[in-house]
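The values are calculated or read from the model by the stated rules, or taken from the named source; none is laboratory data. Nothing here was measured: the structure is a model prediction, and the numbers come from that model. Ideal geometry is used to build each Cβ from the backbone, glycine not excepted, and the neighbour counts take in all protein chains shown. Surface areas here come from the heavy atoms of the whole protein model, side chains and all, with no ligands, DNA or RNA. Shrake-Rupley method; radii C 1.70, N 1.55, O 1.52, S 1.80 Å.
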Amino acid sequence: MKAAIRHLMRSRGRTILTLLAVLIPVYSIVFMFGFSSANLSDMFETATRVDTGHFQIRHETVRGLGSAIPLMRDPEAALAALGGVEGIEWKTVRLDLPALASVGDRSRTVYVQGVIPEEIGAISAIGDLVVEGTYLASGQDGVVIGAELADLLNVAVGDELVLLGAHPEAGLGVLKAPVLGIYDAPIAELGRTVVHTTLEMARRLARAPNAATAIVGRVAGVTGPWNANRIDTVVAAVAGRLPEGLEVLGWQELAPQVAGFMRLMEPMLWVFAGVFFALGALVVLNTLYLSVMERTRELGLVISLGATRWRVMRMVLLEAALIAVAGAVYGALGGVAVIGIIEAFGGIPLWGSVLDFMKAVGMDPVLHLRASASQVLLAAAAMAGIAVLAAWLPAYRAAKLEPVEAMRHVE
């Protein structure tokens, strides 16, 4: 140990270079984990808070319905099943219907969402986006439409809209409804297609007084995809309590594109981490190999004085281990410190159209970096281990030196 430390202090330039070869990859990987976790959290929250919730109870899939969601004729049975499940912080009943909205000779295909106004705010920001008129209230007939749909149909607050419901299981239903409010959608497609009305009015349009298409719920304590296993636990518990003919879908089934992208991101992160690890290992290998070359006479003398080859090899590996551990620790601490400083100043604010969208859907327009303890420890341990493995070749070469040949070596 003393000999290894003495040599590291003697070759300070090379020691610092090797230290940085370990420190920089670990620092970069920890920061990358923090930044990627922020993006994954943002994607997860956007998917689950804008429409899907953490889980939904629906009628089992029925063929021949096209894009329409099957109707649940008695959602009270499903609500009763949720009563004994721990971990559910919020739930609401929703009825989604494809429909045709028309005024005079103008018409557009829309998606009517029948909601309970006082409950829907947990997964819909439309109530906060109303720029003309007011949002819905329970017991009040009317609709809230997007500004894009209002322009296409040339309607304003107070005008009447004719809705022609067309659910395959309910047949055709027709209602006249006044426009109570107009919302400014963050996405034009949302403003053209999504129409909010009360659950009671949507049921009249479907001609089914107790119908619903989904019970939407959120699970307590879920702050991001890293603890989404709580959703899986609740989904499994709910599935065991549901009456026959109903099914429960988790967020991954409700937002498969988002879930698929998130599953793809993790291996990609480790690919990038592997590139950093490889570059660091090459620098460690190069510097230690040069160190062995420069110390050929010294190492030959040590062997000639009776040191075993394993002892020489262990000395070189110990030097590498000291540098690797120090670099990994300082790199991990540096990455955590930078993430902590950024979070202390409130995170990374978004800008441009992304900022406008996040504000519009009621999301936090700031990226909050987060690196878990397991990610930090794994990055540090992996880089330290790879650095020591990279030192194996120089250590092996040092151990194989012949004393006589080494003593003849001219520095």
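Remarks
- Accessible carbon and sulfur surface of the stretch 169-214 relative to its total accessible area, %, 1.4 Å: 56 percent
- Contact order for the stretch 134-200, expressed relative to its length and based on alpha carbon pairs under 8 Å spaced 6+ residues apart, stands at 49 percent.
- Convex hull of the stretch 108-226 built on C-alpha atoms - directionally averaged projected area, nm²: 8.3 nm²
- Using 0.36 nm per residue and subtracting the Cα-Cα separation, the extra length available between ARG12 and ASN210 on full extension is 63.4 nm.
- Highest average packing first - 391-399, 338-346, 70-78, Cβ atoms within 10 Å: 391-399, 70-78, 338-346
- One quarter of the surface of the convex hull around the alpha-carbon atoms of the stretch 167-218 equals 5.1 nm², the direction-averaged projected area.
- The chain, relative contact order in percent, only Cα pairs under 8 angstrom and at least six apart counted: 27 percent
- When ASP51, ASP96, ASP151, ASP184 are compared by accessible surface with a 1.4 Å probe, the order from highest to lowest is ASP151, ASP184, ASP51, ASP96.
- Residues in the chain average 48 Å² of solvent-accessible surface per residue, probe 1.4 Å, ligands and nucleic acids excluded.
- Using the Cβ-Cβ distance between TYR396 and TRP226 with R0 set to 35 Å, the FRET efficiency from 1/(1 + (r/R0)^6) comes to roughly 0.25.
- Degrees between helix 373-390 axis and first principal axis of the chain (Cα, 0 to 90, nearest 10): 30 degrees
- Computed E for ALA236/ILE348 - FRET, C-beta separation, R0 45 angstrom, nearest 0.05: 0.80
- Using the rule -39500 (n - 2.57) for each DSSP H run of four or more residues, divided by the residues of the chain, the 222 nm mean residue ellipticity is -17000 deg cm²/dmol.
- VAL195, VAL336, reordered so the largest accessible area comes first (probe 1.4 Å): VAL336, VAL195
- √(5λ) per eigenvalue of the Cα gyration tensor, the stretch 199-252, largest first, Å: 28, 15, 8
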